[in-house]
Every structure is written in C-alpha cells, then in structure tokens.
Amino acid sequence: MKLGFIGLGHMGSAMAANLLVAGHDLTVYNRTKAKAAPLVKRGAHLADTPGATARGEVVITMLADDHAVDEAVFGDDGILVALSPDAIHISMSTISVADSERLTRAHREKRQEFVAAPVFGRPDAAASAKLFIVPAGKREVVERCQPLFDVLGQRTFPIGDEPPMANLVKLSGNFLIASVIEALGEALALVSKRGIDRVQYVDILTNTLFGAPVYKTYGELIAEERYSPAGFKAELGYKDVSLALSAARELKVPMPLASLISDRFLALLASRGGDLDWSALALLAKRDAGGETPLRRSE
C-alpha cells in the first residue's frame, strides 16, 4: 500500500518503522528532518511538506496536539489540499473532540475519508507492535484500514461511526491513567515514610489485587523514579486531562477528580517538571510528604 506518515516522535518513528518492515511504500514527513533519517536509510521516501505524504491511499498523522495536526492538515501544503477523494486520513494522535469534529467536517466536504484511531501504549509497545488501537469512522473505511492496524497493534477496538467518539474514549482513558499515577504516588509516599521498600511494595500490589499493566508499568517507574527520558511527557498529560475536562464541560459532566489532577499537573509544570515522564506526577506527593525531590518549591 502507498502510505504517508506524519510525525516521527518516539511513538511515530516506531510505528512508521513497523509499516516499512511490513513492506508498505512509505513516505514520511517531520518538521525536524533529521528524525526521518533512520527511516530513509531503510527505504522510506522523505517529503518536504505534509501534503507530499498524502498522494497515496492513506496518510497517517501521529502528532502531539491539535495545533500540530491542524498545521499538517489545513496548511497551504497540507493534507486537505493533496489527498485524493476516497483516500483516507487516519489520525492516531490524541486530540480534542472538537478538533476531531472539525477534521471530520473538512474531509467530508472534500469527499475524503477520515478515521480517528488513537492508541493506548507507550513507545516500547509501539516498537513491538503491541499497541491497542481504538478507531472510529465509517465501518467500511475502518475495515480498509484494518491491515494497517494489524501491523501496528495487538488488538483493535472499533468504537463507532463518528470519529470524535474514538477521541473521547482516548481522553477518558488517559484521565484514568493519570488517576492511577496520582493514587500510586500518594500510596508510595505513605509507605515510604514508614521505611517500607518501594519496589517490594509495588511487587506486592501488582501480584495481588492490582495486576493490571497500568499498575505494573507506572508502579515500577514511580518506585524506581525513572522519569527521564520521558516516554510520555508531563506537559502532554496535562494537555490530555485538560481536553477531557473540556469535553466534559461540553457534555455537562462534572469530573471533580479530573479537575484535581489537572491542578496537580499544573503544579508539576510550574515546578519545571514538564519534560519529565508524566509518572513524575508522583514527585508532588513525595515532596508534600517532606521527601527530597528535584522539584523547586513555589515560594
């Protein structure tokens, strides 16, 4: 299949590499062109503009936020002007429900197909093709995309005919992950203050009632304080919880815990922790309990 891929960060570069290994004719674009070099050496084509990636059957975007996606889609040399009728834009980015609605309308007006397919999984899962993919869009279009999802992930969960539904699922899921991180941080701050070994404590949790991968992954990161390099930056965690709250306001759904966690992320960013992994949210609980952390206290 002739594909385009835009966004070669930690997640996107691994995903694009898997598509290349699977034998697809891949054209890639990234604002920092040096990030494309390893893929180009392996046979990918390098595009000078986002639109140059959108001349095949499918173009995939995996970008940080609404602004980056909008630049790639709506710019003068963007996807919208280059994509053929009936060709597909798959947005795998974590973006707002409102922006997904805008993209859906814009592609529909151009008679182009649009699928929102955000993913659950960190960069290691992307590299090993173990992502969980949640697509939404016309059923027949999602089915056309399924061979690509099979290359990128271990399981696909189609969620509905309207693309924004997938983005709402993703944002709600990231809110839940952030809630687990905050709870783990508080629990570890509590037991650590009594001298209980943090690693052993997480081992007890994850081998009894808390065996889900989210507890194991983030429990180990927090216990060992492995916050850098970031698999998913705290500033992006703050963005996602903020977007979940925005969707909740639109739907008139109170989310008091999300409001609390948004403030906790804001405190982490104010303490110069935005570039740390979002599991570094646990540093706030440790600091508040009197522990030593690299965070600067606000005066």
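Listing for the model above:
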| item | result |
| --- | --- |
| Residue in region 108-125 that is surrounded by 23 or more Cβ atoms within 10 Å (Cβ to Cβ), in a helix (DSSP H, G or I), assigned by TED's automatic domain parsing to the domain that holds Ala47 and modelled with pLDDT of 95 or more present | no |
| Every residue from region 187-212 that is polar (S, T, N, Q) and assigned to a helix (DSSP H, G or I) | Ser192, Gln200, Thr206 |
| Test result for Met1, of a type outside the set (S, T, N, Q) and crowded, with 24+ Cβ neighbours inside 10 Å | no |
| Boolean, Val69 is of a type in the set (A, V, I, L, M, F, W, C) and assigned to a strand (DSSP E or B) | no |
| Residue that is nearest to Trp278 (Cα to Cα), among those in region 126-155 that are in contact with a helix residue (DSSP H, G or I) (Cβ under 9 Å, 6 or more places away or on another chain) and part of a helix (DSSP H, G or I) | Ala126 |
| Among the candidates Leu26, Leu8, Leu46, residue that is touching a residue at least 24 places away in the same chain (Cβ under 8 Å) and of a type in the set (A, V, I, L, M, F, W, C) | Leu8 |
| Flag if Leu268 is surrounded by 15 or more Cβ atoms within 10 Å (Cβ to Cβ), modelled with pLDDT under 95, outside the structural domain of Ser93 (by TED's automatic domain parsing) and more than 18 Å from the chain's Cα centre (by Cα) | no |
| Any chance Thr53 is closer than 24 Å to Asn167 by Cβ and crowded, with 24+ Cβ neighbours inside 10 Å | yes |
| Tally, over region 229-243, of residues that are in contact (Cβ under 8 Å) with a residue 24 or more places away in the chain, under 20 Å from Ala282 (Cβ atoms), of a type outside the set (D, E, K, R) and part of a helix (DSSP H, G or I) | 5 |
| Which listed residue, of Tyr238, Tyr218, is of a type in the set (Phe, Trp, Tyr) and either over 19 Å from Ala98 (Cα atoms) or in the same structural domain as Met11 (by TED's automatic domain parsing) (or both) | Tyr218 |
| Output for region 143-159, where each listed residue is surrounded by 16 or more Cβ atoms within 10 Å (Cβ to Cβ) and of a type outside the set (A, V, I, L, M) | Arg144, Cys145, Phe149, Gly153, Thr156, Pro158 |
| Checklist (1) free of Cβ contacts under 8 Å to residues at least 40 places away in the same chain; (2) closer than 12 Å to Gly185 by Cα; (3) surrounded by fewer than 16 Cβ atoms within 10 Å (Cβ to Cβ) applied to Pro254, failing item | (2) |
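Yes/no per residue for (1) over 30 Å from Glu250 (Cβ atoms); (2) more than 17 Å from the chain's Cα centre (by Cα); (3) modelled with pLDDT under 95:
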residue	(1), (2), (3)
Ala47	yes, yes, no
Ala52	yes, yes, no
Glu57	yes, yes, no
Ile60	no, no, no
Asp76	yes, yes, yes
Ile79	no, yes, no
Ser84	yes, yes, no
Ser91	no, no, no
Leu103	no, yes, no
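Each row is one residue, and each column tells you yes or no for (1) within 20 Å of Phe120 (Cα to Cα); (2) of a type in the set (Ser, Thr, Tyr); (3) modelled with pLDDT of 95 or more.
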site: Leu190; (1), (2), (3): no, no, yes
site: Phe210; (1), (2), (3): yes, no, yes
site: Tyr215; (1), (2), (3): yes, yes, yes
site: Ile222; (1), (2), (3): yes, no, yes
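Conditions (1) exposed (fewer than 14 other Cβ atoms within 10 Å of the Cβ); (2) closer than 16 Å to Gly121 by Cβ, marked per residue:
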site	(1), (2)
His10	no, yes
Ala22	no, no
Thr27	no, no
Gly43	yes, no
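The values are calculated or read from the model by the stated rules, or taken from the named source; none is laboratory data. Here the structure is a predicted model, which is why all the values come from computation and not from measurement. Heads up, the Cβs are rebuilt from the backbone with ideal geometry, glycines too, and the neighbour counts pull from every protein chain shown.
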